[in-house]
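Written out below as structure tokens is the structure these notes cover.
Nothing in this text is a laboratory measurement; each read-out follows from the coordinates by a stated rule. As the structure is a prediction and not an experimental result, all values here were calculated from the model. So basically every Cβ, Gly included, is an ideal-geometry build from the backbone, and we count neighbours across all protein chains shown.
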Amino acid sequence: MNATAIAHEAPRTVQGVCPHDCPDTCALRVTVAGAPGAERVIRVAGDPDHPPTHGVLCTKVSRYAERTYSAQRLLTPLKRVGRKGEGRFEPIGWDEALATIAARLSAIAARQPEAILPYSYAGTMGLVQGDGMAARFFHRLGASLLDRTICANAGGEALAATYGGKLGMRMEQFVHSKLILIWGSNPVTSSLHFWTFAQQAKRAGAKLVCIDPRRTETAEKCHQHIALLPGTDGALALGLMHELIAHDWLDHDYIARHVEGWDKLRDKALAWPPERVAAVCGITADEVRGLARDYAHARPAAIRLNYGMQRVRGGGNAVRLVAMLPCLVGAWRHAAGGLLLSTSGSFAGARRDAWLQRPDLLQTVHGQRRPRTVNMSTIGDALRHPGGGDFGPRIEAVVVYNSNPVAVAPDSRRVVEGFAREDLFTVVLEHFQTDTADHADIVLPATTQLEHWDAHTTYGHTYAMLNRPAVPPLGQALSNAEIFRRLAARMGPSGFSEPCFADSDEAMAMGAFDPAVVDLDELRARGWSRLRLPEAPFAEGGFATPSGKVVVDAPGLGVPDHVPNYESAQSAPELAARYPLAMISPPARHFLNSSFVNVESLRAAEKEPRLEMHPDDAAARGIASGAVVRVFNDRGSYVCRADLNGAARPGVVNGLGIWWRKMGLNGTNVNELTHQRLTDIGRAPAFYDCLVEVEPV
Ligand SMILES: Nc1nc2c(c(=O)[nH]1)N[C@H]1C(S)=C(S)[C@@H](COP(=O)(O)OP(=O)(O)OC[C@H]3O[C@@H](n4cnc5c(=O)[nH]c(N)nc54)[C@H](O)[C@@H]3O)O[C@H]1N2
Ligand SMILES: Nc1nc2c(c(=O)[nH]1)N[C@H]1C(S)=C(S)[C@@H](COP(=O)(O)OP(=O)(O)OC[C@H]3O[C@@H](n4cnc5c(=O)[nH]c(N)nc54)[C@H](O)[C@@H]3O)O[C@H]1N2
Ligand code: SF4
Ligand SMILES: [Mo]
């Protein structure tokens, strides 16, 4: 054996990025061994040098090699041979697959391009394999635009209305905080690295308070847990304001200089004394008073808000109200004070979105006609719509990538009905044969993060990131970008000829960031580079709103207020008489949305779909822990196991998400029970605003 061959066979390390929808966006070190042509990833580890994630990965992604090399990986294109949803497929070649798709899409586009709908979310958060080449393709085609609301849009638009963008504290600063409110967030499960900083703060004497209907792993480890009813966060925030006003604990100087319209909100807050708040939130008035006192006196005081609390009708208003709190006490004066919901707005000037996605292709090809926008959160109704009226043309084709809507979208009975339409042409790009892939006409095998290039921003920290491929694509898999590149070349009559369809994945990853803002040399060399941002972003005001001040009375939205749930005992007493339990469906620890449900070791850790119940609610229904139960409302019914583990408060049940339907106990999952009504701001789903009843099976 010669020296070069030996050198090749020595294990090498490749710098990568975790692609998942998680605020932490970990830097990866991927170890590859084996001779060229037979290389294999033998280890996926964290990068100890990356400051926010410091070399630690969660259990899910430390198993990333198991997921990538899984025997269930899709490695060839497939065409459906059974009924939709049945899951019977036959391998075909790429040539047949691409020719079939290009012919169908070209024929539809020649009549009505808006009848084609791309459907994607954050299976990968990469700028290239997400909405990079795919966006160029669908813009050039003139397809319907997708309103990408399923996760964060209520809170995102609310934060932007208040601060001018999705801007917040630096995650690393929480180590210096003296009080941390962990609000609608379960970081032990969903933001592990933030939790590490919070624990360091705790050891240095900080008080940690968790505000969450569920007694989560996080709540267990905080000094205090305030288990309010779902959808009542706005009322709690108003109650805190009431106390800040009543005791004159306000930072008048900060308010005068940096808040616009405080008087209007002040009047509203005065209508929320602790007793009223307690009755609405299902907590005690002393909890409200104590929390206000702590928040007014601890310096610096920080709030880690997460999207868990905005998945209800009033989610947007609630975020606007919570976001006011650090302005009222001047918490923003300190680098370790303020609020963090999302940092993604920090990347606004760093990403070259227009170059990556080419929205200009719409105008050059389709003139002034802007395609309609379809809301992904109401995909069930959209696919069942006959067409016409405000809706526009009936959807004839849907191309799904980076998402599993049949499992994750609300009101799944209707989503399934839509995807089961025999006249709908459905293409799904996937790693695995998901519930959605079962409804495809053609399934295309996509590469994983270990097999392709990408560039990443994040919503938890403030580093630009670069992912290099560690090994060549497995089987016949191709990257999403390569699939759309090849499809572009085949679209009738003579292919899309714009030069942007020839950009390679590597060129797109390297071009994703603006060199004036991101240090590209460092990005290339280390795999990450920190954005140059101030440590205390709003110490001197400087919010991203037109006036530079925090906005209370936002154009079109008015002054924020508590908006009760669609479904609650207070707002819908007749419904609550039939379905008296409020159900939330937060993430299960070992899954990431519906990803990883098919990874055996992680599914084994979750065991079976579970519904956490309070022992009193269970006893009243003759339900023992571990019993199989039916959870139901007018929309559907879901079978799982009752778990009386102490995590549920009275009146609230927790249906942990998001199982694949076909891996559940009766072929459904928790979204069989959720509905398609939208949040007050941001047109997002109200997953956690849902009444149910439970009975033993
Ligand atoms: N392991 C794991 N990690 C994940 C995910 C996952 O599925 N699994 N999902 C990822 C995604 S997509 C996202 S968007 C992020 C953030 O995802 P989030 O869904 O925000 O995740 P959590 O941090 O778990 O916060 C949700 C918490 O909010 C609580 N909650 C529910 N309703 C209410 C309410 O009305 N008020 C309050 N105060 N709390 C409420 C829930 O009990 C839960 O503990 O996490 C990401 N990380
Ligand atoms: N009841 C209830 N429902 C919820 C939620 C809840 O808390 N409760 N959470 C909501 C939230 S916050 C979110 S963000 C959504 C998430 O919904 P989705 O974004 O649909 O997330 P996943 O279920 O993880 O599905 C992502 C899919 O993308 C695939 N994928 C990953 N990488 C690639 C790639 O490079 N190429 C291709 N082609 N495919 C890839 C994965 O295999 C996976 O099947 O779900 C929402 N649904
Ligand atoms: S913590 Fe989040 S970013 Fe880090 S490896 Fe796990 S899923 Fe990925
Ligand atoms: Mo999400």
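Some values worked out for this structure:
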{"read-out": "Given charges at beta-carbon only (K, R positive; D, E negative), |dipole| of the stretch 3-68 in Debye", "value": "180"}
{"read-out": "Calculated P(r) of the stretch 453-512 - Cα pairs past 19 Å, %", "value": "44"}
{"read-out": "Nearby lysines by direct alpha-carbon distance to K549 (threshold 18 angstrom, same-chain neighbours under 8 apart not counted)", "value": "K166, K264"}
{"read-out": "Where trypsin sites (Lys or Arg not before Pro) fall in DSSP loop in the stretch 498-584, at most 10 other Cβ within 10 Å", "value": "R532"}
{"read-out": "Viscosity 1.306 mPa s, temperature 10 °C, Stokes-Einstein D of the stretch 573-696 from Kirkwood C-alpha radius, µm²/s", "value": "108"}
{"read-out": "Cleavage-rule hits (chymotrypsin sites (Phe, Trp or Tyr not before Pro)) in the stretch 35-136: DSSP loop, at most 15 neighbouring Cβ within 10 angstrom", "value": "Y69"}
{"read-out": "Lone cysteines, the chain (no partner Cβ under 4.7 Å)", "value": "C22, C58, C151, C281, C327, C500, C640, C690"}
{"read-out": "Extended-chain gain in nm, criterion 0.36 nm per residue less alpha-carbon gap, T59 and A246", "value": "62.7 nm"}
{"read-out": "q = 0.05, 0.08, 0.10 Å⁻¹, the chain: log10 I(q)/I(0) [Debye, one scatterer per Cα]", "value": "-0.23, -0.61, -0.98"}
{"read-out": "Computed [θ] at 222 nm, deg cm²/dmol, the chain (DSSP H ≥ 4; -39,500 (n - 2.57); rounded to nearest 500)", "value": "-8000 deg cm²/dmol"}
{"read-out": "Chymotrypsin sites (Phe, Trp or Tyr not before Pro) restricted to DSSP loop in the stretch 586-693 with at most 10 other C-beta within 10 Å", "value": "none"}
{"read-out": "With at most 16 neighbouring Cβ atoms within 10 Å, loop GluC sites (Glu not before Pro) (DSSP) excluded, longest segment of the chain", "value": "87-421"}
{"read-out": "Test item: Cα-centred dipole of the stretch 573-696, Lys/Arg +1 and Asp/Glu -1 on Cβ, debye", "value": "320"}
{"read-out": "Ranked list, fewest to most other Cβ atoms within 10 Å of each Cβ, for M465, M241", "value": "M241, M465"}
{"read-out": "Straight-distance crosslink candidates among lysines, where the alpha carbon sits under 17 Å from K84 and sequence neighbours closer than 8 are dropped", "value": "K662"}
{"read-out": "Lys, Arg +1 and Asp, Glu -1 on Cβ, resulting dipole of the chain about Cα centre, debye, nearest 20", "value": "440"}
{"read-out": "Where only alpha carbons of the stretch 154-341 are counted, the Rg and the Dmax (Å)", "value": "14.9, 40"}
{"read-out": "Separation in nanometres of the label points that stand 7 Å from Cα toward Cβ, at E606 and R257", "value": "4.9"}
{"read-out": "Qualifying lysines (Cα of each under 17 Å from Cα of K221; at least 8 residues distant if same chain)", "value": "K178, K202, K207"}
{"read-out": "Likely footprinting exposure, R683, R320, R111, fewest C-beta neighbours within 10 Å first", "value": "R111, R683, R320"}
{"read-out": "Counting DSSP beta bridges with both ends in the chain, the antiparallel % (nearest 5)", "value": "50"}
